[in-house]
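First up is the structure itself, then whatever we jot down about it.
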Amino acid sequence: MNLLDANDVAGTYPQSWYAASAPNLAAFPELTQDTKADVCVIGAGFTGLSAALHLAQAGRDVVLIDAQRVGFGASGRNGGQLGSGQRVEQPDLEKMIGQDDARKLWALGEDAKNLVRQLIQDHDIDCYLRPGVAWSGSSKSEVDDLHHYADHMSRHYDYDIQKLDGAEMHKLCPSPDYKGGILDTGASHLHPLRLAIGLAKAAQDAGVRIFEGTRAQSITDGNPCVVTTPNGKIEAGHVIVAANGYLGDLVPKVAARVMPINNFIAATEPLGEDTKRVLTQDVAVADSRFVVNYFRLSHDGRLLFGGGESYGYRFPTDIAAKVRKPMTEIFPHLHDVKIDYAWGGTLGITMRRMPYLNRVASNVLSASGYSGHGVGTAVHAGQLMALAIQGQSDGFDAMSRIPTTPFPGGASIRAPLLALAMTWYSLRDRLGL
């Protein structure tokens, strides 16, 4: 079973609030005959769309294929947080790769945020971009850790993050669960599917040939490379693989280091005046649990709440119930609120929760494994691969030096092992350890 087929209707966006509130995008055709291009991009999420757009703007002939639809995967389903830096916090990165490389990755993370904002501005993408992401702590030790992080970022990176004590956190987010936190006004949140659709329109306008319903079956490295699909082959000087959690067994080297997991989001009915009992400012929130809860208000006054993960192929039969449980732990007063939409999505994670950028072969580049930090990082990774193909590989090379180890075991046992580990961390969350 491939995750492209496991939980969704072919050629159809999920029944999410994002799909219901996004502009209609007419389907692109399937590839039905052999063709040639300078570059073939596999996967029309943030990474592939960004890579294709930047290459076309540089004068390259680009074919972009997706087995489903533009923005069908995690790019059109995620929590919409455009976070700062990398998925791993800077003090931990410094220990992992040293201060110099950690600083380079922080700078790349800032470039990623700026790139997304610039693309939204340049292409007039209406995706409700708003500033502010808060991180909350449910215990004194978690709050202390967040405040120490804010101090570290101010002292060593000249980056200001507001520290929130219990009263300030409660004023921002009146949840009895949270005891304090931080507010990063340099981060943002947005409507991810609207961003993906906007990037697709910009890529098409730049000359990218987009084909939906066109699955990559194999990649043959060479000069040219050959990408085989059910109804035609694509010969290209370079191939970019941007399939992330939906990669399957297309590139085994990447699949060994990037594991697909499922995450779930619910959208409540419009809350009206009760929005102030959830958030008093238009910011996004994520908490300090290992299995993170994240939420924000939509532009029409709904609570968009993400929580819960699974490690099998199938989504649960009642996604709303799965998300309602952590949602009511954070907001007990919403135990009876109506949930209008509930959906799942598949993302890619790595062992160290850092993205995996790699030269799979001489003319084949791959980027994936954003581990829940993909809005900025994925868009940026697409640009970095486009630049690398043009001979400007400094940024791509810096990201590809991040140590990434394979998950233990083959595909048949690594998911159960991860599920056991995550169950342990979930227990630690509940016990406050």
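The values are calculated or read from the model by the stated rules, or taken from the named source; none is laboratory data. Owing to the predicted nature of the structure, the values given are computational and were not obtained by experimental measurement. Here the Cβ is made from the backbone with ideal geometry for all residues, glycine too, and neighbour counts use every protein chain on show.
From the list 77, 69, which one is buried (at least 18 other Cβ atoms within 10 Å of the Cβ) and under 30 Å from residue 36 (Cα atoms)?
69
Filter region 209-221 down to the residues that are of a type in the set (Gly, Ala, Ser) and surrounded by 13 or more Cβ atoms within 10 Å (Cβ to Cβ), then identify the one that is farthest from residue 364 (Cα to Cα).
Applying the filter and picking the extreme gives 213.
Just for region 337-355: of the residues that are in contact with a helix residue (DSSP H, G or I) (Cβ under 9 Å, 6 or more places away or on another chain) and assigned to a loop (DSSP other than H, G, I, E, B), which one is nearest to residue 3 (Cα to Cα)?
Step by step, filter region 337-355, then rank; the result is 355.
Name the single residue, out of those in region 141-186 being of a type in the set (A, V, I, L, M, F, W, C) and in contact with a Gly (Cβ under 7 Å, 6 or more places away or on another chain), that is farthest from residue 106 (Cα to Cα).
In this case the residue turns out to be 169.
Report, by residue number, each residue of region 9-25 that is without any contact (Cβ under 8 Å) to a residue 24 or more places away in the chain and among the hydrophobic types (A, V, I, L, M, F, W, C).
9
Run residue 252 past the list (1) touching a residue at least 24 places away in the same chain (Cβ under 8 Å); (2) surrounded by fewer than 20 Cβ atoms within 10 Å (Cβ to Cβ) and report the number of the one that doesn't hold.
In the conditions (1) touching a residue at least 24 places away in the same chain (Cβ under 8 Å); (2) surrounded by fewer than 20 Cβ atoms within 10 Å (Cβ to Cβ), residue 252 misses (1) alone.
Given 280, 317, which one is surrounded by fewer than 16 Cβ atoms within 10 Å (Cβ to Cβ), of a type outside the set (Lys, Arg) and within 17 Å of residue 136 (Cβ to Cβ)?
Every option except 280 fails the conditions.
Every residue in region 216-254 that is assigned to a strand (DSSP E or B) and acidic (Asp, Glu), please.
235
Between residues in region 26-49 that are in contact (Cβ under 8 Å) with a residue 40 or more places away in the chain and among the β-branched types (Val, Ile, Thr) and residues that are surrounded by fewer than 17 Cβ atoms within 10 Å (Cβ to Cβ) and part of a loop (DSSP other than H, G, I, E, B), which pairs lie under 6 Å by C-beta distance while being six or more apart or on different chains?
32/231
Listed here are the residues, each with its yes/no results for (1) at pLDDT 95 or above; (2) under 19 Å from the mean Cα position of the chain (by Cα); (3) under 20 Å from residue 319 (Cβ atoms).
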position	(1), (2), (3)
8	no, yes, yes
28	yes, no, no
46	yes, yes, no
51	yes, yes, no
63	yes, no, no
68	yes, yes, yes
72	yes, yes, yes
82	yes, yes, no
91	yes, no, no
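List every residue pair whose Cβ atoms sit under 9 Å apart, with the two residues 6 or more apart in sequence or on different chains, where the first one lies in region 100-128 and is over 17 Å from residue 385 (Cα atoms) and free of Cβ contacts under 8 Å to residues at least 60 places away in the same chain and the second, anywhere, is among the basic types (Lys, Arg) and surrounded by fewer than 17 Cβ atoms within 10 Å (Cβ to Cβ).
Pairs that qualify, where the first residue is over 17 Å from residue 385 (Cα atoms) and free of Cβ contacts under 8 Å to residues at least 60 places away in the same chain and the partner is among the basic types (Lys, Arg) and surrounded by fewer than 17 Cβ atoms within 10 Å (Cβ to Cβ), are 102/95.
Please go through region 255-277 and pick out each residue that is buried (at least 24 other Cβ atoms within 10 Å of the Cβ) and either hydroxyl-bearing (Ser, Thr, Tyr) or more than 23 Å from residue 347 (Cα to Cα) (or both).
If the condition is that a residue be buried (at least 24 other Cβ atoms within 10 Å of the Cβ) and either hydroxyl-bearing (Ser, Thr, Tyr) or more than 23 Å from residue 347 (Cα to Cα) (or both), then 268 is the only one that fits.
I'm checking my understanding of the structure. Among residues of region 342-361 that are closer than 17 Å to residue 386 by Cβ and in contact with a Leu (Cβ under 8 Å, 6 or more places away or on another chain), which one is surrounded by the fewest Cβ atoms within 10 Å (Cβ to Cβ)?
The residue in question is 359.
Select from region 362-395 the residues that are surrounded by 24 or more Cβ atoms within 10 Å (Cβ to Cβ), out of contact with any Gly (no Cβ under 6 Å at 6 or more places or on another chain) and in a helix (DSSP H, G or I) and list them in ascending order.
Passing the criteria: 374, 375, 376, 377, 378, 379, 380, 381, 382, 385, 386.
With the requirement that a residue be among the aromatic types (Phe, Trp, Tyr) and either closer than 30 Å to residue 219 by Cα or not in a loop (DSSP other than H, G, I, E, B) (or both), what does region 255-297 give you?
264, 294, 295, listed by residue number.
If we scan region 138-157, do we find a residue that is part of a loop (DSSP other than H, G, I, E, B), in contact with a Lys or Arg (Cβ under 9 Å, 6 or more places away or on another chain), surrounded by 15 or more Cβ atoms within 10 Å (Cβ to Cβ) and in contact (Cβ under 8 Å) with a residue 40 or more places away in the chain?
Within region 138-157 (the criterion being part of a loop (DSSP other than H, G, I, E, B), in contact with a Lys or Arg (Cβ under 9 Å, 6 or more places away or on another chain), surrounded by 15 or more Cβ atoms within 10 Å (Cβ to Cβ) and in contact (Cβ under 8 Å) with a residue 40 or more places away in the chain), the answer is yes, since at least one residue qualifies.
Determine whether residue 242 is under 25 Å from the mean Cα position of the chain (by Cα), crowded, with 24+ Cβ neighbours inside 10 Å and not β-branched (Val, Ile, Thr).
yes
Condition first: aliphatic (A, V, I, L, M) and crowded, with 22+ Cβ neighbours inside 10 Å. Now tell me which residues in region 169-181 satisfy that.
If the condition is that a residue be aliphatic (A, V, I, L, M) and crowded, with 22+ Cβ neighbours inside 10 Å, then 169 is the only one that fits.
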